[in-house]
Amino acid sequence: MPDLSAPSISYVGLAPVLIVLAAACLGVLIEAFAPRHLRWNVQVALALLGTVGALVAVVLVAGRNELTAARAVAVDGTALFLEGTIAALGALSILMFAERALDPAKSAFVASAALPVGSSADRKLAAAPYSQTEVFPLASFAIGGMMLFAASNNLLVMFVALEVLSLPLYLICGMARRRRLLSQESAVKYFLLGSFASAFFLYGLALIYGFSGSVDLGEIRESAARSGSSDALFVTGLALLIVGLLFKAGIAPFHAWTPDVYQGAPTPVTALMAACTKVAAFGAILRLLYVGFGTSEWTWRPLIYSIAIVSMVVGAILGITQTDVKRMLAYSSIAHAGFLLVGVIALGDAATAGRGLSSTLFYLLTYGLTTVGGFAVVTLVRDGDGEATHLSKWAGLASRSPLTAAVMTLFLLGLAGLPLTSGFTGKFAVFRAAIDDGAWPLVVIALLASAIAAFFYLRLVVLMYFSPPAEDGPTVGVPGLPTTIVLAVTAAATLILGLAPNAVLDLAEQAAVLVG
Amino acid sequence: METQYLPASGLLGSAWLLVVIPLLGAAVLLLGGRRLDKIGHLIGCATILLDFVLAVALVAALAGQPDGEKAVTDTLFSFIPVGELQVDIGLLLDPLSAVFILLITGVGALIHIYSVGYMGHDPDRRRFFAYMNLFVAAMLLLVLGNGYVVLYIGWEGVGLASYLLIAFWYRRPAAATAAKKAFIMNRVGDVGLIIAVFIMFATLGSTSFADVFAGASGLAAGTVTALGLLLLLGACGKSGQVPLQAWLPDAMEGPTPVSALIHAATMVTAGVYLIARSAPLFDLSETARTVVTIVGLVTLLYGAIVGCAYDDIKKVLAYSTVSQIGYMFLAVGLGPAGYAVAILHLLTHGFFKAGLFLGAGSVMHGMNDEVDMRKFGGLGSKMRITYITFALGYLALIGFPFLSGYYSKDLIIEVAFDSGGALGWILGGGAMLAAGLTAFYMTRLMVMTFFGRPRWDKDAHPHESPAVMTVPMIILSLGSVFAGFILVNVFPLGAWLEPVFGPEPEADHVVAPIVVSILTTVVVALGVAAAWFFVARREVPIRPPVNVSPVIKAARANLYGDAFNESVFMRPGQWLTRAMVYVDNRGVDGAVNGLAAGLGGTSGRLRRTQTGFVRSYALSMLGGALVVTMAFLAVRFV
């Protein structure tokens, strides 16, 4: 009879995740019981409280390195760094959710998602200042799931977290107030393809369990070390697990959903997905590869190496011909995922231990902040149909709204990785780690891809500054306090992490610890 | 000779003010903008006058130092502290730089005052004074620097000021082109100078005068010769010596006070200063010194010949400057015997050539800015002061006995003969011949301008210039008359410069000085007579005669100097740039554009895979998953 005593759980170590999930649960209750006129403010406050609270909790918990809940969840430097990053980026996204000043109907979210598009009730509600406040608890659930995803040391927990983060995202993708059909289409696509990817993950999980008899990453590693990791079950299982994670991270060739969903989803949701989901997915990738399959590095390394190349090249080349800002940023995120994999490759030996890990952590932070900022600017540029995302609408924006154009330029330069922006520091860190690890051909390709990608970032800059303004051009909305905070924080971070990144780089270096 | 520089103290420690005062003046004038238009010229003059007073005080203080302590240095701050390269900004005040600061601030002050009148009607007079102040500051830094790097800063500074002032009337294409020409030809020389500085650092680890001169004797002979020739290249560029002479006559497109101060009295003598300052290096290389003398001889003959053929009063004076600086190069190349003589000629030339240019400016001022001497004539009666001061400058330049030019030029010819051997005869003979040519072209200039029948344009109303212009001319003409006598007999320059160049060697005369003197005077008289015979006795045609001998044609085309530059450097350079533009457009751009088009095309084709259908996305995922799995299995089991 196996011992069935309850596992000990370190509630302190899990506090960041628990706070966000608690805020989400409370949000559901408020949705059910609070009077309508209070809901918006209470939901915003609660969601912010949850994410900011999680960030505070991360700071307080920092320094712990343990496995808790029967080794299912890791509380270590990497997990806490990623949880903090997700919480911070999540808080910024929630602020964008809460923006009331930009859309004439006071919200980017639909009043009632259940109404058929174009029905008379839908038309009646189109201009009404209502919106579905469910988005806040849903976003909180997603953020909680992401934090758990990045910290799980157990494939089953990882899968559960994957679903916890995915399901709410599928929903809120379809809740745009404007262009509802596009939004709903994107939600359905995301859901279908996400389920497909989950199936791959689950199948891989089953195969790995069949191979090792365990879903614990540490035990998987030990059994792989024992049997030489050349079992077909093991290899196929690992491949399918990786496919599932690559999908979530939006890495080519599993990127097909990204442009459509990024374009269709309400822009605050896109920001949440582009920043937080990517961080979470990379957290899971890092943990899976470094902890669970660290001893079988030579099985996955060539593959990740080639996938990094494919993702960088596909993102950079396809980005060239995009005519929509949101799609362009989507391809940018695909290319950036490739750059992140360059950091993942650099597992390093004893001398450079942690260099690849810490540089990837740093890159995730810088990329997330800049991307949220970029999408925040997208919410400002509007015409009669909502956001004006077609590139032609952005022509001559600098003459109409110099500040907006300047801030967007900063983000674009950051994404392009120009010196004095955080993008440069991040790229420099991962590329250096990869070169130290001997992967210089990969770095050469990464640099070429950066050069190609720079084209479409700079094209937008050129368009904003050197083209005559479009006649029926969009207006640039005056953001309310929430979006202003987002823009200020992200712009400052893009600059500061480019000019004086040492403190944060050191932090990432200290955080580069994986237990298990 | 041991070079020892003592730390500066007391008044001598304030030499930095010399540079800072005009620099501040320039800054105030440039930053003050149009608000200072009314008083800009006063600020400009005040700073230079103040500088002159300070310079006099400093030189007096230096003269008061006991023997052997007449060189003080003052390190101001560390400029380039990088690894082994330690460059300090420091100043050196010794008898040589003392002579220069007096010349620069003294002549500079007079020309500033003159410019108040000359530029009186120019709306940009403030900008003019700003640049002039900038020039004075840079020139003082050049001569006061205690190392080659500081010298180089001043060197580039005067180049910049010269460029700005030649192009002062930048709306005139000719002025803009001339400025560009001056700048580019100077770059050629500057490259030589900067490479010399690099070599000093590479071989000696330092660029300060003290270290370089102390370590020079330890260098290989080839290195010293290379240093000498590179410094000479720099000097040729700045001083308008063959083969880099072509920019100087064109530089006359600038306002005439600029020609007087920068392109006659001071900046163009910087090359002479550079070589004189580097005397300890040149003393070690016979080859380098010989090349210097040859450059000097070729240039002095070149300038004198071309000067005979031009009708533009300023161009004639400019070629005369080229020629006279050639004399200085010749002297300075003759080594210890010639250094002090070269500086003497530099000073006397500074007086009379500046005076001549100011006189020319005064003539132009009265003649609606006309420069063609064929349209002058008979101006002596209309402009008495200009005429008299100009005539004194003329007599000084041709070496009329006991005027300044007589002392300095005679000495140069004498020293040239004394250098001995066949080369000595060639140098001395050439210099003497050029003295005759000088007399010819200057007499021609005098006659065409001030004597004879008026050939003025109809709307010309020649008149004397205001006192603010004539007084500086009078003072400079006094200098033209007496400077030579004073510097040879009253305050002997040779003795004053002894701490710098060492004692003058005992002369071993090949030809007795008195013979040289008489012969030179005879040659000069012949030149004057020839000019009288060919120019004054005949009617001067308003249009230059067309049917002339090939010699005159060649001289009118400045001995094909410009044609040479154009055919050897400019045209091949243009072909090269055209070829490179072609390669850039077709090759580089073609490759880049082709690559971009290729990427764009790839992007367009790849984009078609993004159909928008979930089913095809799912298929692509399945395909990807299959590939990944297969690859994994292949890696493991194949």
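The values are calculated or read from the model by the stated rules, or taken from the named source; none is laboratory data. All figures in this text were calculated on a predicted structure; none of them were measured in a lab. A quick note on method: Cβ atoms are made from the backbone with ideal geometry, for glycine too, and the neighbour counts reach across all protein chains shown.
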Considering only the range B:198-223, how many residues are among the β-branched types (Val, Ile, Thr) and buried (at least 22 other Cβ atoms within 10 Å of the Cβ)? 2
Looking at the range B:420-432, is at least one residue out of contact with any Gly (no Cβ under 7 Å at 6 or more places or on another chain), closer than 22 Å to residue B:352 by Cα and modelled with pLDDT of 90 or more? yes
By residue number, the members of the range A:107-132 that are within 30 Å of the chain's Cα centre (by Cα) and over 20 Å from residue A:386 (Cβ atoms) are A:114
Picking from A:429, A:470, the residue that is touching a residue at least 60 places away in the same chain (Cβ under 8 Å) and farther than 22 Å from residue A:393 by Cβ would be A:429
Positions within the range A:294-328 being within 11 Å of chain B (Cβ to nearest Cβ) and hydrophobic (A, V, I, L, M, F, W, C), in sequence order: A:298, A:300, A:303, A:304, A:307, A:310, A:313, A:314, A:316, A:317, A:318, A:320
Can you go through A:375, A:411 and tell me which one is surrounded by 21 or more Cβ atoms within 10 Å (Cβ to Cβ), among the aromatic types (Phe, Trp, Tyr), touching a Lys or Arg at 6+ places or on another chain (Cβ under 9 Å) and more than 14 Å from chain B (Cβ to nearest Cβ)? A:375
For residue B:547, are the conditions met, namely being away from chain A (no Cβ under 11 Å), more than 30 Å from residue B:302 (Cβ to Cβ), exposed (fewer than 13 other Cβ atoms within 10 Å of the Cβ) and out of contact with any helix residue (DSSP H, G or I) (no Cβ under 9 Å at 6 or more places or on another chain)? no
Which one is modelled with the highest pLDDT, of the residues in the range A:474-493 that are small (Gly, Ala, Ser) and touching a Lys or Arg at 6+ places or on another chain (Cβ under 6 Å)? A:480
List pairs: first residue in the range B:608-632 and of a type in the set (A, V, I, L, M), second residue modelled with pLDDT of 90 or more and not in a helix (DSSP H, G or I) anywhere in the structure, Cβ distance under 7 angstrom, at least six positions apart or on different chains. B:621/A:254; B:621/A:256
Filter result for residue B:597 (at the interface with chain A (Cβ under 9 Å from one of its Cβ atoms), more than 49 Å from the chain's Cα centre (by Cα), among the hydrophobic types (A, V, I, L, M, F, W, C) and more than 30 Å from residue B:251 (Cβ to Cβ)): no
Selection from the range B:504-538 of residues that are in a loop (DSSP other than H, G, I, E, B) and farther than 25 Å from residue B:394 by Cβ: B:504, B:505, B:506, B:507, B:508, B:509, B:510, B:511, B:512
Please go through the range B:17-44 and pick out each residue that is buried (at least 18 other Cβ atoms within 10 Å of the Cβ) and either over 15 Å from residue B:104 (Cβ atoms) or among the acidic types (Asp, Glu) (or both). B:29, B:36, B:40, B:41, B:43
Options A:295, A:270, A:299; residue that is at pLDDT 95 or above and either in contact with a Phe, Trp or Tyr (Cβ under 9 Å, 6 or more places away or on another chain) or more than 18 Å from residue A:82 (Cβ to Cβ) (or both): A:270
Does at least one position in the range B:570-579 carry a residue that is farther than 30 Å from residue B:372 by Cα and either of a type in the set (A, V, I, L, M) or within 14 Å of another protein chain (Cβ to nearest Cβ) (or both)? yes
For the range B:133-172 the number of residues that are within 16 Å of residue B:187 (Cβ to Cβ) and touching a Gly at 6+ places or on another chain (Cβ under 6 Å) is 1
Just the residues that are facing chain A (nearest Cβ under 7 Å), over 20 Å from residue A:262 (Cα atoms) and basic (Lys, Arg), please, taken from the range B:600-612. none
Quick one: is residue A:285 within 12 Å of chain B (Cβ to nearest Cβ) and not polar (S, T, N, Q)? no
Hey, does the range A:347-360 have a residue that's in a helix (DSSP H, G or I), at pLDDT below 95 and within 18 Å of residue A:146 (Cβ to Cβ)? yes
Boolean, residue B:79 is buried (at least 24 other Cβ atoms within 10 Å of the Cβ) and either in the same structural domain as residue B:211 (by TED's automatic domain parsing) or in contact with a helix residue (DSSP H, G or I) (Cβ under 9 Å, 6 or more places away or on another chain) (or both): no
Which is facing chain B (nearest Cβ under 9 Å) and modelled with pLDDT under 90, of A:230, A:223? A:230
Of these, B:193, B:164, which one is crowded, with 22+ Cβ neighbours inside 10 Å and of a type in the set (A, V, I, L, M, F, W, C)? B:193
Would you say residue B:495 is surrounded by fewer than 13 Cβ atoms within 10 Å (Cβ to Cβ) and touching an Asp or Glu at 6+ places or on another chain (Cβ under 7 Å)? no
Single condition residue B:558 does not satisfy, out of (1) modelled with pLDDT of 85 or more; (2) away from chain A (no Cβ under 14 Å); (3) more than 30 Å from residue B:458 (Cα to Cα): (1)
Report those helices (runs of 4 or more DSSP H) wholly inside the range A:247-337 carrying at least 2 residues which are in contact (Cβ under 8 Å) with a residue 40 or more places away in the chain and surrounded by fewer than 24 Cβ atoms within 10 Å (Cβ to Cβ). A:257-264, A:297-320
Out of the helices (runs of 4 or more DSSP H) lying entirely within the range A:438-516, which hold 2 or more residues that are more than 30 Å from residue A:65 (Cβ to Cβ) and within 23 Å of the chain's Cα centre (by Cα)? A:440-466, A:481-499
Verdict on residue B:623 being at the interface with chain A (Cβ under 8 Å from one of its Cβ atoms), in a helix (DSSP H, G or I), loosely packed, with under 13 Cβ neighbours inside 10 Å and not polar (S, T, N, Q): yes
Criterion: within 14 Å of another protein chain (Cβ to nearest Cβ), basic (Lys, Arg) and either loosely packed, with under 11 Cβ neighbours inside 10 Å or closer than 30 Å to residue B:308 by Cβ (or both) - qualifying residue of B:615, B:586: B:615
Of all residues in the range A:233-262 being among the small types (Gly, Ala, Ser) and more than 7 Å from chain B (Cβ to nearest Cβ), which is farthest from residue A:183 (Cα to Cα)? A:237
